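**Q** Could you have a look at this structure, given as structure tokens, before my questions?
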Amino acid sequence: MAVTSGKRQASGLTRSALRRAGEQGLLCEEDVVALPMDVGYRGPTACAAAGITYRQLDYWARTGLVAPSVRQEGGRGGPPLYSVRDILILKVVKRLIDTGISLQQIRNAVEHLQCRDTADIAQITLMSDGISVYECTTPDEVVELLQGGQGVFGIALGRVWREVEGRLRDLPGEHLPQPADAHPGDELARRRRERRIG
């Protein structure tokens, strides 16, 4: 009887955690559209899309937290530009800072996100207990952290992607020539190239 009661209690905790995660939009269920990767954005545009100040952008670039990753052809023709992925990460950094996460934990999260394929990023939910940042890629992982008390807040990157996508529709970007072998491991870029060809 105690086992049944324990199962019922655990099931109730799971339902409660699942409901909370669903209400907060943390269940990695976003289906995002591939944004063009052959467009770069200047600093002021990146600021507007990420919701940060130019001072923050400049400081984060100088300290190597998030720097512009798009180099214009031959290194000439203007300053490096921010990619959609860079802007997504800028917005995530801003949210983590606003919640009081330490700069070291933010650096760790950024380094980890920069190693992921663009297609994978939209399926990640970052959870935090205010001290550490955890990556969740399934609803079960989100629920487990919420049940364990480790998930005080979360950031569903699919939702952030949609916010960035919405902002960038109205902001100026610069189209760049894309070499044929650009982003060879990037699933979104591969699909976009196939769509253009076929």
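**Q** Rounded to the nearest 0.05, what FRET efficiency do Asp129 and Asp170 give with R0 = 30 Å and r taken as the Cβ-Cβ distance? Could you check?
**A** That gives a FRET efficiency of 0.25.
**Q** Now for a separate question. What accessible area per residue, rounded to a whole number of Å², is obtained for segment 67-133 using a probe radius of 1.4 Å?
**A** Numbers: 2980 Å² over 67 residues.
On a per-residue basis, segment 67-133 sits at 44 Å².
**Q** Can you give the extra length, in nm with one decimal, that the chain gains between Glu111 and Thr137 once fully stretched, where that is 0.36 nm per residue apart less the Cα-Cα distance?
**A** Taking 0.36 nm per residue and subtracting the Cα distance, the gain is 7.7 nm.
The values are calculated or read from the model by the stated rules, or taken from the named source; none is laboratory data. Given the structure is predicted, the values throughout are model-derived calculations rather than measurements. Positions of Cβ are backbone-derived with ideal geometry, glycine not excepted, and every protein chain shown enters the neighbour counts. Ligands, DNA and RNA are stripped out before the accessible areas are found, and what is left, the full protein with its side chains, is counted by its heavy atoms. Shrake-Rupley method; radii C 1.70, N 1.55, O 1.52, S 1.80 Å.
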